[in-house]
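Report on the structure given below.
The values are calculated or read from the model by the stated rules, or taken from the named source; none is laboratory data. Nothing here was measured: the structure is a model prediction, and the numbers come from that model. Note that each Cβ is placed from the backbone with ideal geometry, even for glycine, and that neighbours are counted across all protein chains shown. Side chains are part of the model used for accessible areas, which takes the heavy atoms of the whole protein and leaves out ligands, DNA and RNA. Shrake-Rupley method; radii C 1.70, N 1.55, O 1.52, S 1.80 Å.
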Amino acid sequence: MNMDIIVPQVGESIVEAEIGEWFKQDGEQVEQDDLLLELETEKINVELNAESSGKLTILAQQGDIVKIGAVIGRIDESAVGTTTTAEEPASETAEAETAATEQPAMNPAVPKIAAERGIDPTTLKGSGRDGRILVDDIPAATEQPAPSAPPAKETPAVATTSAPADDDRIERVPMTQIRKKIAERLLMARQQTAMLTTFNEIDMSRVISLRNKQKAAFEKKHGVPLGFMSFFVKATAEALKDFPEVNARIDGDDIIYHNYYDIGVAVGSKRGLVVPVIRDADQLRFDAIEKTIRGFAEKAQSGKLSLDDLQGGTFTISNGGIYGSVLSTPLLNPPQSGILGMHAIKDRAVVIDGEIVVRPIMNIALSYDHRIIDGQQAVGFLKQLKTYIEDPEEMLLEM
């Protein structure tokens with residue numbers, strides 16, 4: 001009896017996936033629950049395990065784009081315990097096992113790219129599963145001595161208009177499913193919304209003072225550091241209550257108002273930008289927000305974010321300040337109608353009560369869909385957010 005290996009349904013909006021790496025070979029004997037392969041979708045990677053034991057037949061190869069529900073392999077359950085190759089002499093088997101242990105596991109593209117960059121792939125340290133070497137683990141090309149030039153020959157002068165197609169100065173790499181989806185959604189945000197951005201600035205003095213005063217006690221009690229993001233998540237949730245249009249979305253000719261506050265937090269990972277969602281952020285204490293954000297960051301770096309982590313969201317916060325950005329225009333995360341951009345805190349000279357003083361200032365930006373949010377509402381939202389952050393004692397730390 002054959003057991004089909006089928007691309008599972010991993011989300012309502014996901015219709016296809018890319019075959020990643022097969023961890024078993026065609027014709028190999030597999031056991032139930034063995035890890036078979038990894039699928040790349042537009043949002044997350046999905047691991048498929050064997051649902052039964054038997055001989056594996058692979059029907060779709062790495063890099064193939066397959067539809068949800070497609071059969072990509074089969075397991076012959078009647079072939080349990082059989083092998084497809086003759087037994088090797090003991091000495092040859094031992095040599096093969098020794099060679100396998102000496103050769104680190106690596107993705108198929110690694111040897112070629114490493115060779116082009118003058119790097120021995122066996123010297124690389126892998127960041128993938130079980131130490132597997134990924135393309136991202138290959139450093140930039142090392143300096144190589146230039147090859148000796150052949151004797152010069154007299155040739156007619158010809159103007160060079162373009163580099164040859166196989167110019168070794170370029171590298172062509174297929175886009176991953178996640179990168180394709182990021183590109184598609186960013187382009188959609190520009191083409192299908194009436195996006196506008198408004199700016200404000202926040203004096204971070206009181207938040208910094210409060211954080212410095214409470215951070216030791218906070219971390220001792222809750223086991224996580226007190227960061228600035230929890231202040232902004234709480235302040236954003238409260239400001240959204242005052243300006244419900246910013247927390248709404250357009251659905252055809254209707255406006256959908258969300259009476260809950262699921263706030264997405266943009267997180268960078270090796271595979272691109274992802275936006276896990278903090279559910280019911282207005283009901284969470286500061287420590288719960290900090291633990292949730294820390295958990296998302298760890299899962300993003302290890303590739304363990306689930307589809308549930310990424311689905312939904314009524315509003316998004318993007319913190320470009322951690323990368324040093326002082327001002328930017330964040331792009332909307334459709335179908336949401338608003339996104340807040342945080343930036344780096346910089347000491348600046350400002351006028352307060354007629355005197356020039358130095359204050360730690362953060363620029364903030366709200367990009368919004370002008371079809372549903374008027375300028376007055378957008379400016380009002382940022383002003384309310386500014387008020388909460390500049391007077392943080394109003395937001396109870398619940399320590």
Full-extension gain in nm, Asp282 to Asp251, via 0.36 nm per residue minus C-alpha separation: 8.7 nm
Virtual spin-label span in nm between Val358 and Ser78, 7 Å along Cα→Cβ: 8.2 nm
Segment Thr387-Asp34, length gained on full extension (0.36 nm per residue, minus Cα span): 121.6 nm
Close Lys-Lys pairs in segment 170-256, where close means Cα under 24 Å and separation is 8 or more or interchain: 5
Histogram of C-alpha separations across segment 208-366, 10 Å bin width, %: 10, 34, 36, 16, 4, 0
Between segment 277-348 and segment 204-259, the Cα center-to-center distance that results, in Å: 10 Å
Accessible-area composition of segment 290-335, carbon plus sulfur, in percent [1.4 Å probe]: 54 percent
Sites Glu201 and Ile113, calculated FRET efficiency, Cβ-Cβ separation with R0 45 Å, nearest 0.05: 0.50
Kirkwood Rh in Å, taken over segment 160-293 so that all alpha-carbon pairs contribute: 18.9 Å
Semi-axis lengths (Å, descending) of the ellipsoid that matches the C-alpha gyration tensor of segment 206-276: 31, 18, 9
Per residue solvent-accessible surface (Å²) - segment 279-384, probe of 1.4 Å: 47 Å²
Percent of beta bridges antiparallel (DSSP, segment 262-399, rounded to nearest 5): 70 percent
Where only C-alpha atoms are counted, convex hull volume of segment 281-364 per residue in Å³: 155 Å³
